[in-house]
Amino acid sequence: MWNSHTSMQKKILIVEDTDDVREMYSFALQQKHQVDEAIDGEEAVQKIMAPTADYDIILLDVMLPKMDGISILKKIKAADSPAKDIPVFLFTNLGMDEVVSEATSLGAVKCFVKANILPETILKEIDQYFANPSASASTPPAQPSAAAAAPAPQSPSPATPTPQISTQPSPATPQPQSPTPIVPHAPYPPAMP
C-alpha cells in the first residue's frame with residue numbers, strides 16, 4: 001500500500017546494515033522527513049509489506065545481511081506487491097554496470113554510489129523527486145569515466161522511468177589535497193650484530 005503523504009514531510013525507510021552510515025542518513029533526513037530504519041533484508045521486507053506500511057520512498061542498500069537489496073527490490077516491484085508503486089533509491093559500492101542494469105530493469109528510480117554522495121545531497125534528491133517525479137526520473141545519468149559511459153539499460157516497460165545514476169562526488173565532497181612532501185630524515189643507526 002503506497003500512500004504519498006500530502007505534506008512536505010515524507011515517510012522514508014532507510015535499509016542499511018552499517019550503523020554509522022544508517023545513522024548519518026537518518027540524522028540528515030529527519031530534519032525534514034519522518035524516518036524509519038531496517039538493518040537487514042528480512043526486516044526491510046517485513047516493514048515494507050506490512051499492511052500498515054505507508055512509506056513514500058525507500059533508500060535501499062545492495063549489500064545486506066539475510067537478503068540482498070536486489071532481492072528486496074524484486075519483492076517490492078512484483079506485480080502482486082502492495083508496495084510496487086513506492087519509489088526506490090538504491091545505494092551501492094559494487095561494480096555499477098551489473099547492479100544498475102538489474103536495478104533499472106526492476107524499477108529502481110535512482111542509483112547512487114554511497115562513497116560519493118552526502119546525506120544532504122540525498123535530501124535534495126528526495127525533495128526534487130517529490131517536486132516533480134517524472135522529471136527526476138528522466139534526467140540523464142552522470143558517468144565518471146569511459147568504462148562507465150555505456151548508456152544505462154532501458155526498462156522494458158515504458159511506464160517505468162529510467163533511474164538516475166549518480167557516481168560523481170557531490171559538490172560539497174572534499175577533494176583530495178596534493179600529497180604532503182616527504183622530508184628526509186637522518187639515517188637510522190646501524191643494526192646491532
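The values are calculated or read from the model by the stated rules, or taken from the named source; none is laboratory data. Small disclaimer: the values here were computed from a predicted structure and weren't measured. What goes into the accessible areas is simple: the full protein's heavy atoms, side chains included, and nothing from ligands, DNA or RNA. Shrake-Rupley method; radii C 1.70, N 1.55, O 1.52, S 1.80 Å.
Structure values in brief
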quantity	calculated
Stretchable slack from Gln30 to Asp97, in nm (0.36 nm times residue separation minus alpha-carbon distance)	21.0 nm
Accessible surface ranking that places the most exposed of Leu60, Leu118 first, with a 1.4 angstrom probe	Leu118, Leu60
Phe27 - accessible surface, heavy atoms, 1.4 Å probe, Å² rounded to 10	140
